[in-house]
Amino acid sequence: MDREIVSFPPKPLERELYLIGFRLDPKAEGPQFFTLIGIENDNECPITKGDRVLFFRRPEAALLALTTSDNGFRDVRPLPTELELLCDVSEALYIANSEKEDSDGILFELIAVFDDLIRAVRLNVPAEYTTVLSAVAGRLSENPEFASLLNEKGLSREKLEDALMWCVGAIAVKSTWVG
């Protein structure tokens with residue numbers, strides 16, 4: 001018999017939730033809407049229902065959103081009350097269009113969260129956008145300077161902006177709002 005030994009009792013899953021806010025309007029003071037990201041053994045996934053990301057307008061609606069979810073995080077507690085990350089879409093677009101580096105990691109974090117959201121709703125990013133997002137994320141994981149990478153790879157800032165905007169639209173179409 002050549003089987004792996006299963007430990008008993010089984011190891012408990014390491015799971016937790018993070019409150020993530022999003023800002024689209026550059027004039028808004030803070031996040032305009034939220035979701036919860038569940039972490040299970042180093043895998044990150046937003047709460048979803050029927051392959052649609054669940055968003056809510058106020059942090060107080062997090063429990064309603066969580067109990068509405070159907071992708072395995074419904075019973076995870078404690079419920080976060082503090083914002084873990086602000087995905088500042090407007091600032092990331094500004095950085096992508098105008099800056100040479102992402103010194104605060106705003107663009108990098110946004111690409112990473114978009115990756116989690118897009119995977120959760122099972123969409124395929126067009127190849128031309130995957131190329132630019134992957135290249136920029138790869139560079140930003142090592143170095144905040146990304147403008148020279150765009151030049152080296154023949155990638156335009158416009159293509160980076162288009163890729164980010166595609167993600168915003170794709171996620172918006174594949175979302176459900178609660179609370």
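Suppose accessible area is computed on protein heavy atoms with a 1.4 Å probe; arrange E161, E84 from highest to lowest.
Greatest to least solvent exposure: E84, E161.
Where Lys and Arg each count +1 and Asp and Glu each count -1, what net charge lies around N71 among other residues with Cβ under 11 Å from its Cβ?
0
With no solvent and one point on each alpha carbon, what is the Debye value of log10 I(q)/I(0) for region 76-122 at q = 0.16, 0.27 Å⁻¹?
Those come out to -0.55, -0.99, one per q.
Could you pull out every residue, at least 5 positions away or on a different chain, whose amide H is within less than 5 Å of the one on N71? Hs are placed 1.01 Å off N in the peptide plane, and Pro or chain starts have none.
It is T48, by chain and number.
Express the C-alpha Rg of region 96-178 as a ratio against the empirical globular expectation 2.2 N^0.38 Å, rounded to two decimals.
So the Cα radius of gyration is 1.08 times the expected 2.2 N^0.38 Å.
When the distances between all Cα atoms of region 27-105 are binned every 5 Å from zero, what whole-number percent does each bin get?
3, 13, 22, 20, 16, 12, 9, 4, 1
Just round it to a whole percent: the fraction of Cα-Cα distances in the chain exceeding 26 Å.
36 percent
For V168 and D42, calculate 0.36 nm times their separation in residues minus their Cα-Cα distance, and state this gained length in nm to one decimal.
So the chain would gain 42.9 nm between V168 and D42.
Within region 37-69, list the residues whose amide N lies under 12 Å from a label point set 7 Å along Cα→Cβ of T81.
Taking a point 7 Å out along Cα→Cβ of T81, the residues of region 37-69 whose backbone N falls under 12 Å are 60.
Got a sec to turn the phi values of region 103-112 into Karplus ³J(HN,Hα) couplings, 6.51 cos²θ - 1.76 cosθ + 1.60 with θ = phi - 60°, whole Hz, x for Gly and Pro?
5, 9, x, 5, 5, 4, 4, 5, 4, 5
Only Lys, Arg, Asp and Glu count, each charged at its Cβ (+1, +1, -1, -1), so figure out the dipole size of the chain about its Cα centre, rounded to 20 debye.
For the chain, the charge dipole is close to 700 debye.
Which percent, to the nearest 5, of DSSP beta bridges fully inside the chain are antiparallel?
Looking only at bridges with both residues in the chain, the antiparallel portion is about 60 percent.
Determine, for each peptide in 53-60, 25-32, 37-44, the mean count of other beta carbons within 10 angstrom over its residues, then list the peptides with the highest first.
Ranked from most to least packed, the peptides come out as 53-60, 37-44, 25-32.
Per residue of region 43-53, in order, report the coupling 6.51 cos²θ - 1.76 cosθ + 1.60 (Karplus, θ = phi - 60°) as ³J(HN,Hα) in whole Hz, putting x for Gly and Pro.
Result, rounded to whole Hz: 9, 9, 7, x, 5, 9, 9, x, 6, 10, 5.
Taking the full set of protein chains and a 1.4 angstrom probe, give the accessible area of K153 in square angstrom, rounded to the nearest 10.
130 Å²
Once amide H atoms are placed 1.01 Å from N in the peptide plane, what residues at a sequence separation of 5 or more from D102, or on another chain, have their amide H within under 5 Å of its amide H?
Residues meeting the amide H criterion: E145, F146.
The values are calculated or read from the model by the stated rules, or taken from the named source; none is laboratory data. Model, not experiment: these values are computed from the prediction. Please note: Cβ atoms are built from the backbone with ideal geometry, for glycine as well, and neighbour counts cover all protein chains shown. When the accessible area is computed, the model is the full protein with side chains, heavy atoms only, and any ligands, DNA or RNA have been set aside. Shrake-Rupley method; radii C 1.70, N 1.55, O 1.52, S 1.80 Å.
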